């Protein structure tokens with residue numbers, strides 16, 4: 001592998017500061033305390049220079065994304081918006097909300113048009129690949145409103161697993177949030193990404209979904225973010241997201 005050009009090498013404390021770890025002085029303290037690793041080796045002395053585009057930097061074991069052009073966003077997809085970056089038929093799509101950005105963003109996974117909630121948008125192909133690959137088992141949380149009053153045995157069936165047309169599926173966890181006379185609000189955690197899997201699982205146990213929202217992907221939570229809002233994922237949240245998929 002070719003050695004990096006000297007012009008691409010930047011002092012480590014400056015790279016850490018640019019990644020949001022604090023002032024350069026604070027980042028120097030992190031190095032002095034032995035809390036920083038570069039390419040698997042602990043750094044305890046000042047003066048090291050790294051290429052932020054290729055170096056694997058960790059602080060307290062968490063990955064610090066350092067490539068200057070990396071962009072990661074959380075988008076609360078509204079109902080009625082399709083999960084594509086463009087649409088030949090002119091339908092509202094995810095790309096409409098980031099049309100003014102210069103980097104080439106793409107969405108991680110999909111939500112069907114009738115489902116609202118969290119989509120990760122990024123230009124980091126490896127992050128997107130790992131978040132979407134089932135082997136990394138990234139948890140996703142959904143809140144569904146279903147018709148009828150769900151019983152405890154139905155929760156057990158969802159955790160034990162149900163048979164769908166494309167194979168068995170199960171929830172990692174499921175709990176009832178609220179029961180009303182004609183409907184139930186239920187929270188499900190899964191790590192699969194098959195098409196409409198939450199809707200199909202709930203229908204299989206006899207509870208058609210009327211509303212569905214994805215509220216979490218790995219360590220990223222929707223929180224109070226309103227539909228249609230795009231926010232940058234930065235700081236500890238971004239580091240946790242990279243660490244959750246082994247980057």
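Any read-out appearing in this document is the output of simple, stated calculations on the displayed coordinates, not a laboratory observation. Being a predicted model, the structure only gives us computed values, none of them experimental. Positions of Cβ are generated from backbone atoms using ideal geometry, with glycine treated the same way; all protein chains shown enter the neighbour counts.
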Stretchable slack from residue 49 to residue 232, in nm (0.36 nm times residue separation minus alpha-carbon distance): 63.1 nm
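Semi-axes of the range 6-64's equivalent ellipsoid from the Cα gyration tensor, sqrt of 5 times each eigenvalue, largest first, rounded to whole Å?
Numbers: eigenvalues 44, 32, 24 Å².
The answer is 15, 13, 11 Å, longest axis first.
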Once the Cα atoms of the range 77-201 are picked out, what are the Rg and Dmax in Å? 16.5, 51
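What is the Å³ per residue value for the convex hull set by the Cα atoms of the range 164-214?
Value for the range 164-214: 85 Å³ per residue.
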Length-normalised contact order of the chain, Cα under 8 Å, at least 6 apart, in percent, tallies to 20
Each label point is 7 Å from the Cα along the Cα-to-Cβ direction; what then is the distance between the points at residue 39 and residue 210, in nm? 5.9
Express in whole angstrom the spacing between the alpha-carbon centres of the range 194-223 and the range 99-167. 7
Relative to the longest principal Cα axis of the chain, at what angle does helix 235-244 sit, 0 to 90 degrees, rounded to 10? 70
Range of Cα positions in the range 130-247 per principal axis (Å), largest first: 42, 31, 21
What FRET efficiency comes out for residue 196 versus residue 149 if R0 is 41 angstrom and r is the Cβ-Cβ distance? Round to the nearest 0.05. 0.95
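Please state, as a whole number in µm²/s, the translational diffusion coefficient that the Stokes-Einstein equation yields for the range 1-108 at 20 °C and 1.002 mPa s, with Rh defined as the Kirkwood radius across alpha carbon pairs. The partial results should precede the final answer.
Values: Rh = 16.3 Å.
D, rounded to a whole number, is 131 µm²/s.
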After finding the eigenvalues of the alpha carbon gyration tensor for the chain, what semi-axes result from the square roots of 5 times each, listed largest first in whole Å? 40, 20, 15
